[in-house]
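J.: First, the structure itself, so that you have it in front of you.
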Amino acid sequence: MPESTEQTRSASGLARRIVTILWAVVSGVQFVIWLLMSLISMSFKAPFWLWTVGVGGVLLALWWYFGSDRRGAGSGSE
């Protein structure tokens, strides 16, 4: 039984890392596109990337904080 719990935790950790990397890449690409739009048009454009960085960042932070590693910490190995 503990082996399946460890496998679940490692799979969950891997999923969190992959989603975090994808979020960072998408946020970076959106920022570069916004910056180029603003520089090419020589006017300030609304920073649409803030939605991805802000909302996505909060959701990821909550996922990392309340992840399966934290939930399983109280059970211990008895």
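The values are calculated or read from the model by the stated rules, or taken from the named source; none is laboratory data. Just so you know, these numbers come straight off a predicted model, no measurement behind them. Please note that ligands, DNA and RNA were not included when accessible areas were found on the heavy atoms of the full protein model with its side chains. Shrake-Rupley method; radii C 1.70, N 1.55, O 1.52, S 1.80 Å.
J.: Provide the per residue accessible area, probe 1.4 Å, for the stretch 14-57, rounded to a whole number of square angstrom.
T.: Here the per-residue accessible area is 71 Å².
J.: Work out, step by step, the length gained on full extension between LEU39 and LEU59: first 0.36 nm times the residue separation, then minus their alpha carbon distance; give nm to one decimal.
T.: Net length gain for the segment: 4.1 nm.
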